[in-house]
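Trainee: Structure provided below as structure tokens; questions to follow.
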Amino acid sequence: MLDTIGVKSVEELFNDIPPSIRLSREAWERLEIGVRRPVSEIEAKRIVTEKLSKNKKLKMPPFMGGGVYPHYVPPLVKYIISRGEFLTAYTPYQAEISQGLMQALFEYQSLMAELLDMDVVNASMYDWGSATAEAVLMALRVNKGRGKVVLPANMNPYHKRVVEAYTWPHGVKLVYAPYNRETGGVDLEELKKLVDEDTAAVYLQYPNFFGIIEAEAKAVGEIAHDKKALFIAGVYPISLGLLKSPGELGADIAVGEGQPLGLGLNYGGPYLGIFATRFDMNLVRQMPGRIIGLAESKTGERGFAMILQTREQHIRREKATSNICTNEALMAIAAAVYLSMLGKSGILKLAEINYYRAHYAWRKMKEAGLDVEIFKWDFFNEFPVSFNKTGLKYSVVHDKLLERGIHGGLYIGDFYRELGETALYAFTELHFKEDIDALVQALREIVYGG
Amino acid sequence: MGGETVRVYRQARWSEPLVFELGAPGRVGIALPEVEEEVKKVVGEIRIPESIRRSSPPNLPELSEVEVTRHFTNLTQMAYGVDNGPVPLGSCTMKFNPRIAWDLSFNSGLDLVHPLQDERTVQGVLEVMYELQKWLANITGMDICTLHPAAGAHGELAGVLIIRKYHEVKGQLDKKTDIIIPDSAHGTNPASAAMAGFRVIEVPSAPDGNVDFEALKSVVGESTAGLMITNPSTLGLFEERILDIADLIHKYDGLLYYDGANLNGIMGYARPGDMGFDIAHINIHKTFSSPHGGGGPGAGPICIKDRVIDPERGIKLSDLIPGYVVVYDKESGLYRLKAPGPYSPGLLRSFFANTIPLLWAYVYILMMGPQGLRKVTEHAVLITNYFMKLMEGVRGFDIPYGKGRFRKHEVVLSAKPMADEVGVTAEDVAKGLLDAGFYAPTMYFPLIVKEALQTEFTESETPENVERYVERLKEISRIAYENPAKAKEWPVNTSVARIDVAKANHPRYVAPTWRVYVKRLKGEVT
């Protein structure tokens, strides 16, 4: 190749790099990169496995949620997304050779559309937090001239921080509607006072951050629509086996986290930002992200294509609806595989298992004398447990659980000081009765000394 | 090559039904556990109020597990990735994704590790991520990295938000309104700058492929907040005046942002940190071999050159980083996640980072070592220049900008002569490549090249495959000039014939989901 190109050495090809910034081989190889030398597969496997073994082995999955949850990852899901034709493909810029990939993504959009009862779903955002932030930005474009967005104080506090970061450059007024201390749901009266003619959107998360099912979700949407603000609903997809869909509640935009649908926790990602809207071109044209649509080939066969691309950055540049390019396509396919496996009855059953396990834990904790009656409204699969009356810091409880190989819930006193020493406990299909019994027994011993 | 003909390619044509057209009522594809009897007894009935209880089950299809398996397996056979053959998409760096990294990341046991878990329980993964941060800092010549951003564009957003914070902290945000971006830039650059509330100023490229320095000088001034640039550029050319550009931007207290999409062209030879860049992102799914997954996931860490920016308040540039940074706490001997502080824009995603692709990159860098990474770049650059040489003089193609200059990791062909002379466009050429079992280059990008075919083979490609690719391009050229109508019929060997993209976007046809399609059939939407 060197002869064909007409150079004597490969280094010559780098002669346009100014000498003052060109690295010598010696200088480069002195840097701490890897173990400063190439290693074999076998050594790499040993090194990585040994390091990862320093993660603590727990007796059972953590009782921790807060937006992502320890759910089952079916081997079939992992197998399909490990197949090289999907795993190693790029974004399907060449439609004809990528029909299978596009069909899988179209099916993700379509399956999610049924779960949400929303007509248009994009091919993924990064995660729930960023999807929520993009939904807020979209609402501000749709309702141009309005500068305020009303969000519930009981939404996920991590999502709040994402929304705040994304909206900060645009001078948006974010207003948080308080939650009702008795029910745990958003306070409708207070919310009504905050929503006005300057409000571009109202957001509601259900179940909310406390795990509480927002029983008056529909009324929240009506309050938004009364002032011609968009209603954005944030969802936990598995709960939609039992709960009304965003479509049924009249949402204009739905967002959520696809992680529970067979993705795994993976210490932070990759996850799957769900993003949907109504089939109204005023909304669709402002939607961020990639969309796969049904198409036809020039010979009349059914096919698929990337559609409505004039919204996207590679065409519209600074006028695009978002800068998103690489998304979470493979995770969308994972969710599609899992939703196909679950089907109509499976999603209901999975929701019920989650509901039952959590409610069993609630009862058992109550019987054990733990303070679980923080809010009145029903919850889905997680709820707060207060340790205020025990005189114990939650960190002490947590440490003692950890000594027993159990990872307890998420401490939320930092986000909601009024709740004090309170932690959010989550339960899924992976927490069997004996796991829950062991947790309750451990908590009983820690709090009441046996 | 000795008269060898192009391999015949035949993609599967399954006419695979949509998942909604499969299955039968009552089928389920997974055996879920039953709720324990005692659990049911203790809990009793589900008490969700009617106001929020779903009234009818979602209209999901009902398939058995074998049906699901076959359906998606058949779909994979109508897709194409690096595992199938060359994917020379320019600026995408579609290199081989080694299975050892798949094994160690997909089977890492992190399925059940929650991102908010007690740090003491995740020391293993934190140590790995800490080391990766350090390696990336060394590779880029920067000081501190965060692994938080989920993709390149997400890293860009993180970077321009840092630029915004920088000017805010220095009390000069009201006048720092502009981000300057060359006309050869990726679309994500201007889109990210706009998301961070900046005005985008575009500067042209000169015929030699460098930024037109005089034009740049004319737009840099007091309003300059920063400059975003890709180096090597999307033309595959190293920006020769990068040090002058950095001086110019810094003179006006702007920050220099490095788009790392093309790092594969200089890795081991030059580092953004040494070129004067303040912030850089890295595309883990490009340079560091994590697979692209048909569009994602990737990861887009950003690295910065740290320094004190406000001595009075003791604020450093690193205080402005969004998201988490893994730190090592000597006192406790523990790795920790440092949450964003008061001067950070906050979080750009709910939790830590795209850990699985990052773990993949860790394995890749570990196995390569510095020696291997430098060879990666050498081979990527060598194969690109080999390809360019082989394409010289092929009828119908031109290689605009930077005449006589070597390319780095990619080269942009133009099919403009062919399009002008016989009406065969870059798109037609791309479809002709598909027919030979090759993926096509990035089409119609960069925007400054007409009928562009931006080609990047990466170090993974063998010279034989590149030669075959060139043979096919020559054949395409011959057919285009002999019988241009034939080129319009391509592709014929893929699972479908050419897709009518215009129709798919027509308001009377557009169907983003099955649900909308069904409504159309029923006349419920028009």
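Trainee: Scanning for something within 24 Å of the chain's Cα centre (by Cα), more than 11 Å from chain A (Cβ to nearest Cβ) and of a type in the set (Asp, Glu), does region B:305-313 turn up at least one residue?
Mentor: Just the residues of region B:305-313 that are within 24 Å of the chain's Cα centre (by Cα), to begin with: B:305.
Okay, now just the ones that are also more than 11 Å from chain A (Cβ to nearest Cβ), so B:305.
Keeping just the survivors that are of a type in the set (Asp, Glu) gives none.
Within region B:305-313, not a single residue is within 24 Å of the chain's Cα centre (by Cα), more than 11 Å from chain A (Cβ to nearest Cβ) and of a type in the set (Asp, Glu).
Trainee: Let me ask something additional. Select from region B:330-362 the residues that are in contact (Cβ under 8 Å) with a residue 60 or more places away in the chain, more than 9 Å from chain A (Cβ to nearest Cβ) and not hydrophobic (A, V, I, L, M, F, W, C) and list them in ascending order.
Mentor: Within region B:330-362, B:335, B:336, B:343 meet the criteria.
Trainee: Consider residue B:241 against the criteria (1) more than 15 Å from residue B:140 (Cβ to Cβ); (2) over 17 Å from the mean Cα position of the chain (by Cα); (3) surrounded by 24 or more Cβ atoms within 10 Å (Cβ to Cβ): it satisfies all of them except one. Which criterion is unmet?
Mentor: Here residue B:241 meets the rest and fails (3).
Trainee: Something else about it: Go through B:181, B:201 for me and flag whichever is part of a strand (DSSP E or B), surrounded by fewer than 24 Cβ atoms within 10 Å (Cβ to Cβ) and in contact with an Asp or Glu (Cβ under 8 Å, 6 or more places away or on another chain). Step through it out loud before you land on a result.
Mentor: Values: B:181 fails: surrounded by fewer than 24 Cβ atoms within 10 Å (Cβ to Cβ).
Within the list B:181, B:201, the selection yields B:201.
Trainee: Which members of region B:330-358 meet the condition of being of a type in the set (D, E, K, R), part of a loop (DSSP other than H, G, I, E, B) and farther than 16 Å from residue A:129 by Cα? Steps first, please.
Mentor: The first filter runs over region B:330-358 and keeps only residues of a type in the set (D, E, K, R), leaving B:330-331, B:336, B:338, B:349.
Then drop every residue that is not part of a loop (DSSP other than H, G, I, E, B), which leaves B:330-331, B:349.
If the condition is that a residue be of a type in the set (D, E, K, R), part of a loop (DSSP other than H, G, I, E, B) and farther than 16 Å from residue A:129 by Cα, then B:330, B:331 are the ones that fit.
Trainee: A further question on this structure: So which residues in region A:223-249 are more than 12 Å from chain B (Cβ to nearest Cβ) and either more than 18 Å from residue B:59 (Cα to Cα) or in a strand (DSSP E or B) (or both)?
Mentor: Narrowing region A:223-249 to residues more than 12 Å from chain B (Cβ to nearest Cβ): A:223-232, A:236.
Within region A:223-249, A:223, A:224, A:225, A:226, A:227, A:228, A:229, A:230, A:231, A:232 meet the criteria.
Trainee: Quick test of your reading of the structure: residue B:127 fulfils all but one of (1) facing chain A (nearest Cβ under 7 Å); (2) in contact with a Pro (Cβ under 9 Å, 6 or more places away or on another chain); (3) outside any loop (DSSP other than H, G, I, E, B). Name the failing condition by number.
Mentor: In the conditions (1) facing chain A (nearest Cβ under 7 Å); (2) in contact with a Pro (Cβ under 9 Å, 6 or more places away or on another chain); (3) outside any loop (DSSP other than H, G, I, E, B), residue B:127 misses (2) alone.
Trainee: A follow-up question, please. What about residue A:97, is it within 7 Å of chain B (Cβ to nearest Cβ) and at pLDDT 95 or above? Spell out the reasoning first.
Mentor: Working: within 7 Å of chain B (Cβ to nearest Cβ): yes; at pLDDT 95 or above: yes.
Yes: the conditions hold for residue A:97.
Trainee: Something else: Suppose we filter region B:366-380 for residues that are crowded, with 24+ Cβ neighbours inside 10 Å and touching a Phe, Trp or Tyr at 6+ places or on another chain (Cβ under 7 Å); how many remain?
Mentor: Final tally of qualifying residues: 2.
Trainee: Just to check your reading of the model, which residue among B:281, B:285, B:292 is away from every other protein chain (no Cβ under 11 Å) and surrounded by 22 or more Cβ atoms within 10 Å (Cβ to Cβ)?
Mentor: Details: B:285 fails: away from every other protein chain (no Cβ under 11 Å); B:292 fails: away from every other protein chain (no Cβ under 11 Å).
It is B:281.
Trainee: Would you tally the residues in region B:294-311 being closer than 16 Å to residue B:258 by Cβ and among the β-branched types (Val, Ile, Thr)?
Mentor: Residues in region B:294-311 being closer than 16 Å to residue B:258 by Cβ and among the β-branched types (Val, Ile, Thr): 2 in total.
Trainee: Can I ask one more? Tell me which residues, restricted to region B:440-456, are surrounded by fewer than 23 Cβ atoms within 10 Å (Cβ to Cβ) and of a type in the set (Val, Ile, Thr).
Mentor: The answer is B:448, and nothing else.
Trainee: Residue B:66 versus (1) closer than 23 Å to residue A:243 by Cα; (2) more than 7 Å from chain A (Cβ to nearest Cβ); (3) in a helix (DSSP H, G or I): which is the lone unmet condition?
Mentor: Tallying (1) closer than 23 Å to residue A:243 by Cα; (2) more than 7 Å from chain A (Cβ to nearest Cβ); (3) in a helix (DSSP H, G or I), residue B:66 fails exactly one: (1).
Trainee: Continuing with this model, one more query. Does any residue of region A:125-147 turn out to be surrounded by 21 or more Cβ atoms within 10 Å (Cβ to Cβ), at the interface with chain B (Cβ under 8 Å from one of its Cβ atoms) and over 30 Å from residue B:513 (Cα atoms)?
Mentor: Within region A:125-147, none of the residues are surrounded by 21 or more Cβ atoms within 10 Å (Cβ to Cβ), at the interface with chain B (Cβ under 8 Å from one of its Cβ atoms) and over 30 Å from residue B:513 (Cα atoms).
Trainee: Determine which member of the set B:477, B:460 is modelled with pLDDT of 95 or more, more than 25 Å from the chain's Cα centre (by Cα), crowded, with 16+ Cβ neighbours inside 10 Å and among the polar types (S, T, N, Q). Steps first, please.
Mentor: Working: B:460 fails: more than 25 Å from the chain's Cα centre (by Cα).
Answer to the check: B:477.
Trainee: Related question: Report whether or not residue A:153 is without any contact (Cβ under 8 Å) to a residue 60 or more places away in the chain and either within 22 Å of the chain's Cα centre (by Cα) or at positive phi (or both).
Mentor: Details: without any contact (Cβ under 8 Å) to a residue 60 or more places away in the chain: yes; either within 22 Å of the chain's Cα centre (by Cα) or at positive phi (or both): yes.
Judged against the criteria, residue A:153 is a match.
Trainee: Then there is this: Taking residue A:342, is it without any contact (Cβ under 8 Å) to a residue 60 or more places away in the chain, assigned to a loop (DSSP other than H, G, I, E, B), of a type in the set (A, V, I, L, M, F, W, C) and more than 24 Å from residue A:183 (Cβ to Cβ)?
Mentor: Values: without any contact (Cβ under 8 Å) to a residue 60 or more places away in the chain: yes; assigned to a loop (DSSP other than H, G, I, E, B): no; of a type in the set (A, V, I, L, M, F, W, C): yes; more than 24 Å from residue A:183 (Cβ to Cβ): yes.
No: the conditions fail for residue A:342.
Trainee: Could you please let me know if residue B:88 is at the interface with chain A (Cβ under 9 Å from one of its Cβ atoms), farther than 26 Å from residue A:40 by Cα and at pLDDT 95 or above?
Mentor: Numbers: at the interface with chain A (Cβ under 9 Å from one of its Cβ atoms): no; farther than 26 Å from residue A:40 by Cα: yes; at pLDDT 95 or above: yes.
Answer is no for this residue.
Trainee: Checking residue A:112 against (1) more than 9 Å from chain B (Cβ to nearest Cβ); (2) out of contact with any His (no Cβ under 9 Å at 6 or more places or on another chain), only one condition comes out false. Which one?
Mentor: Single failed check for residue A:112: (1).
Trainee: With respect to residue A:102, is the statement that it is under 30 Å from residue A:199 (Cα atoms) and either hydrophobic (A, V, I, L, M, F, W, C) or crowded, with 24+ Cβ neighbours inside 10 Å (or both) true? Explain how you work it out, then say what you get.
Mentor: Working: under 30 Å from residue A:199 (Cα atoms): no; either hydrophobic (A, V, I, L, M, F, W, C) or crowded, with 24+ Cβ neighbours inside 10 Å (or both): yes.
Answer is no for this residue.
Trainee: Suppose we keep only residues that are out of contact with any Leu (no Cβ under 9 Å at 6 or more places or on another chain) and in a loop (DSSP other than H, G, I, E, B) within region A:364-381. Which one would you say is nearest to residue A:440 (Cα to Cα)?
Mentor: Residue satisfying both the conditions and the ranking: A:369.
Trainee: Wholly within region B:420-526, which helices (runs of 4 or more DSSP H) include no fewer than the required count, namely at least 3 residues that are more than 7 Å from chain A (Cβ to nearest Cβ) and farther than 28 Å from residue B:386 by Cβ? Walk me through how you get there before you give the answer.
Mentor: Numbers: elements: B:426-435, B:463-482, B:484-487, B:501-504, B:514-521.
Fully inside region B:420-526 and qualifying: B:484-487, B:514-521.
Trainee: Which of the residues spanning region B:389-403 are within 13 Å of residue B:237 (Cα to Cα) and either assigned to a helix (DSSP H, G or I) or within 11 Å of chain A (Cβ to nearest Cβ) (or both)? Talk me through it step by step, then tell me what you get.
Mentor: Within region B:389-403, the subset within 13 Å of residue B:237 (Cα to Cα) is B:399-403.
Matches in region B:389-403: B:402 only.
Trainee: So, one more: Which members of region A:298-314 meet the condition of being facing another protein chain (nearest Cβ under 7 Å) and of a type in the set (A, V, I, L, M, F, W, C)?
Mentor: A:305, A:307, A:308
Trainee: Scan (1) more than 7 Å from every other protein chain (Cβ to nearest Cβ); (2) touching a Ser or Thr at 6+ places or on another chain (Cβ under 6 Å); (3) buried (at least 24 other Cβ atoms within 10 Å of the Cβ) for the single condition residue A:374 breaks and write down its number.
Mentor: Only one criterion is unmet by residue A:374, namely (3).
The values are calculated or read from the model by the stated rules, or taken from the named source; none is laboratory data. Note that this is a predicted model, so its numbers are computed, not measured. Neighbour counts run over all protein chains shown; Cβ positions are idealised from the backbone, glycine included.
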